[in-house]
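One structure is given below, encoded as structure tokens.
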Amino acid sequence: MSASLAAAADTVRIALGERSYDIRIGAGLLDDMASYEGLPAAAAAVVSNTTVAPLYGQRLLDVLRRRHRRVELIELPDGEDHKDWPTLNLIFDRLLAAAADRKTTLYALGGGVIGDMTGFAAACYMRGVPFVQVPTTLLAQVDSSVGGKTAINHPLGKNMIGAFYQPLRVIADLDTLATLPDRELKAGIAEIIKYGPIADAQFLGWLETSLDALLRRDESALRHAVRRSCEIKAQVVGADERESGLRAILNFGHTFGHAIEAGLGYGQWLHGEAVGCGMVMATQLSVHLGRLDAADAKRIVGLIERAGLPTRGPDLGTDRYLELMRVDKKAEDGDIRFVVLDGLGQASVTAAPDAAVREVLAACVG
Ligand code: NAD
Ligand code: GLY
């Protein structure tokens, strides 16, 4: 029974030499012993939060207790505003109090906040312990659990303190998406939409046809969207793990989006909402710079709108947007750099004249 569920899972491989790993995607994977085959069997600690632990924590503990001598549950407060040092420290407090050794595997059970924080804790605890991602939001299944970016926020900038640290496996159980609030589902769809314009025009077409099915959580639509997103991310990360070039295209919409998140205060807009709106701005910037046809831009903006994501940014003031966008990992010598589209399915990173950015902001804000 267990073996058949695992066999029915889709597997996407992240090829990174000795740090290679599988993303398993399917229904019923959380309770399936086969999902965990081959992972270390020493002690384990599940890191989750006060929302996800009551929903799925016991099920993960039950399955892990069949494999591990000792399993702890570490429950963190929920929310982007807890993606910070004091909350990260709670993980270390609990691991040290339990005398967890360097063979302890950390399991991240939750969305991107839990995944990013657990990954960073795993990179730091005793200079590195193994970790496994068990993403339970759509956003985490299609993006944040894959590729090894781990971080916490700083009041001056999002995800500014962190490390590249790859998990041993990603176990994406589509059944967990059943309890996800609609607003969070849509935020996840924003990161799915991202992959079309930057890498796969055909996928953009599929999304135009299948968006309604995704919004009503049709399992085969979700499965295809998660798998195709992971395949694209796997290709990009496999070619440029530490973002020396190509990987930056995965930040399409994020320069504007991170400014929205930091400017409003973390947690006001969801990350995916800010990215959705940021993609509208980055799309308009691409048109402004003569790189993208207006008709193609219309398709992208139309899809974001249909997904129920915000397409107009909050009025932080243009100067404030520019100030916030300078604190970005892509910035070089104080110049803000943007991911722009060179047609559908093609992206690159470029600096843009302040005047062009100001015009785009004026058109897309308020
Ligand atoms: P999140 O982790 O805050 O989860 C969203 C909400 O859904 C939370 O309240 C959470 O408790 C709840 N939740 C999670 N799973 C649930 C479920 N199955 N049922 C009901 N509720 C559930 O947000 P997110 O959108 O998953 O992730 C956003 C974070 O991911 C941001 O911090 C962002 O910076 C980060 N991120 C990282 C990467 C990366 O490459 N590392 C990529 C994209 C985003
Ligand atoms: N979400 C952007 C990246 O993983 O590079």
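Computed from Cα atoms, the angle from the helix 219-239 axis to the main principal axis of the chain rounds to 80 degrees.
Here the residues 206, 269, 85, ranked from fewest to most Cβ neighbours within 10 Å of their Cβ, fall in the order 85, 206, 269. Amide H contacts of residue 74: 46, 47, 48, each under 5 Å away and 5 or more positions distant or on a separate chain (H built 1.01 Å from N in the peptide plane; Pro and chain starts excluded). Normalising the Debye intensity of the chain to I(0), with uniform scatterers on Cα atoms only, and taking log10 at q = 0.13, 0.15 Å⁻¹ returns -0.99, -1.30. How charged is the neighbourhood of residue 10? Take every other residue with its Cβ under 9 Å from the Cβ of residue 10, and add Lys/Arg as +1 and Asp/Glu as -1. Its environment carries a net charge of +3.
Just to confirm a number: summing +1 for Lys and Arg and -1 for Asp and Glu over residues other than residue 143 whose beta-carbon lies under 9 angstrom from that of residue 143, what do you get? Net charge in that neighbourhood comes out at +1.
Rg/Rh, computed from the Cα trace of the range 209-283 with Rh as the Kirkwood radius, has the value 1.04.
For the range 1-153, DSSP calls about 25 percent of its internal beta bridges antiparallel.
Dividing the convex hull volume of the alpha carbon atoms of the range 291-335 by its residue count gives 120 Å³ per residue.
Which translational diffusion coefficient, to the nearest whole µm²/s, is obtained for the range 138-191 from the Stokes-Einstein equation, given a Kirkwood hydrodynamic radius over C-alpha pairs, 37 °C and 0.692 mPa s? It would help to have the intermediate numbers written out before the result.
Numbers: Rh = 12.6 Å.
So the translational diffusion coefficient is about 260 µm²/s.
Take every DSSP beta bridge whose two residues both sit in the chain; close to 40 percent of them are antiparallel. Ordered by the count of other Cβ atoms within 10 Å of each Cβ, fewest first, 325, 117 give 325, 117.
Going through the cross-link list 103/194; 103/329; 186/329; 149/194; 186/298, which pairs have a Cα-Cα distance over 29 Å in this structure? Let's see the in-between values first.
Values: 103/194 37 Å; 103/329 32 Å; 186/329 26 Å; 149/194 17 Å; 186/298 19 Å.
Pairs exceeding 29 Å: 103/194; 103/329.
Computed from backbone phi, the HN-Hα couplings of the range 177-191 come to 6, 4, 9, 6, x, 3, 4, 6, 4, 5, 4, x, 4, 4, 6 Hz, rounded to whole numbers (Karplus: 6.51 cos²θ - 1.76 cosθ + 1.60, θ = phi - 60°; Gly and Pro given as x).
Listed by Cβ neighbour count within 10 Å, with the fewest neighbours leading, 104, 318, 179, 255 appear as 179, 318, 104, 255. Backbone geometry of the range 329-339 corresponds, through the Karplus equation with coefficients 6.51, -1.76 and 1.60 at θ = phi - 60°, to 3J(HN,Hα) couplings of 5, 8, 4, 9, 6, x, 8, 6, 10, 10, 7 Hz, x marking Gly and Pro. Ignoring aspartates and glutamates fewer than eight residues from residue 158 along the same chain, the ones with Cα atoms less than 14 angstrom from its Cα are 80, 81, 84, 116, 261, 323, 328. Around the amide H of residue 161, modelled in the peptide plane, lie the amide H atoms of 152, 154, all under 5 Å away and 5 or more residues distant in sequence or on another chain.
For the chain, the 222 nm mean residue ellipticity estimated from helices alone, with every DSSP H stretch of n ≥ 4 adding -39500 (n - 2.57) and the total spread over all residues, rounds to -13500 deg cm²/dmol.
Read-outs: derived from the displayed coordinates by stated rules, not from any lab. Note that the structure is predicted; figures quoted are calculated from it, not measured. In this analysis, Cβ positions are derived from the backbone assuming ideal geometry, glycine residues included, and neighbour counts consider all displayed protein chains.
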